[in-house]
1. What list of ³J(HN,Hα) couplings, whole Hz, do you get for the range 41-49 from phi and the Karplus terms 6.51, -1.76, 1.60, once you set θ to phi - 60° and write x for glycine and proline?
2. Through the Karplus equation 6.51 cos²θ - 1.76 cosθ + 1.60, θ set to phi - 60°, convert the phi angles of the range 8-25 into ³J(HN,Hα) values in whole Hz; use x for Gly and Pro.
3. Taking the Cα centre of the chain as the origin, how large is its charge dipole in debye, to the nearest 20, when only Lys and Arg (+1) and Asp and Glu (-1) carry charge on their Cβ atoms?
4. Expressed as a rounded percentage, what relative contact order does the chain have, with Cα pairs under 8 Å and six or more residues apart?
5. Given a 1.4 Å probe and every protein chain left where it sits, what share in percent of the accessible area of the chain is carbon and sulfur?
6. Label LEU27 and ASP56 with points 7 Å out from Cα along Cα→Cβ: what is the distance between them in nm?
7. Would you kindly state how much longer the chain becomes between HIS39 and LEU64 on full extension, computed as 0.36 nm times their sequence separation minus their alpha carbon distance, in nm to one decimal?
Amino acid sequence: MATNTTPILTALPGTGWYASLKEHDGLHSSTHVIGWLVHADGEFRPIVLHEGKPVDATTLPNFLRVFPGKP
C-alpha cells in the first residue's frame with residue numbers, strides 16, 4: 001500500500017487490534033497495533049512497532065491484514 005501524503009489529523013489508540021505479518025519461514029505472526037493515524041482524506045493507518053520504531057504496518061513488505069482481538 002502506498003504512503004498516504006495527506007495531512008494527519010489525529011492519532012487514536014490501537015487498543016485491541018493486531019497486525020498480521022508473514023514471516024520468512026512462511027508462518028504468520030501478529031503484533032499489537034499501538035495506534036491509528038487518521039488522515040485528512042478519512043483514511044486510517046495502523047501503527048506497529050517494527051525493530052523498535054513506530055511504522056505504518058501497511059508499508060511493511062510482509063504485511064497481511066489488521067484484525068480485532070478477542071473482547
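1. Here the 3J(HN,Hα) series is 7, x, 7, 9, 10, x, 10, 10, 8 Hz.
2. 7, 8, 6, 10, 10, x, x, 3, x, 10, 9, 10, 9, 10, 9, 7, 4, 7
3. That gives the chain a dipole magnitude of about 160 debye.
4. RCO, the chain: 35 percent.
5. 61
6. Here the answer is 3.0 nm between the modelled labels.
7. Details: separation 25, 0.36 × 25 = 9.00 nm, distance 2.11 nm.
Working it through step by step, the gained length comes to 6.9 nm.
The values are calculated or read from the model by the stated rules, or taken from the named source; none is laboratory data. The shown structure was predicted, so the numbers you read here are calculated from the model rather than taken from an experiment. A quick note on method: Cβ atoms are made from the backbone with ideal geometry, for glycine too, and the neighbour counts reach across all protein chains shown. To get the accessible areas, we keep the full protein, side chains included, count just its heavy atoms, and leave off ligands, DNA and RNA. Shrake-Rupley method; radii C 1.70, N 1.55, O 1.52, S 1.80 Å.
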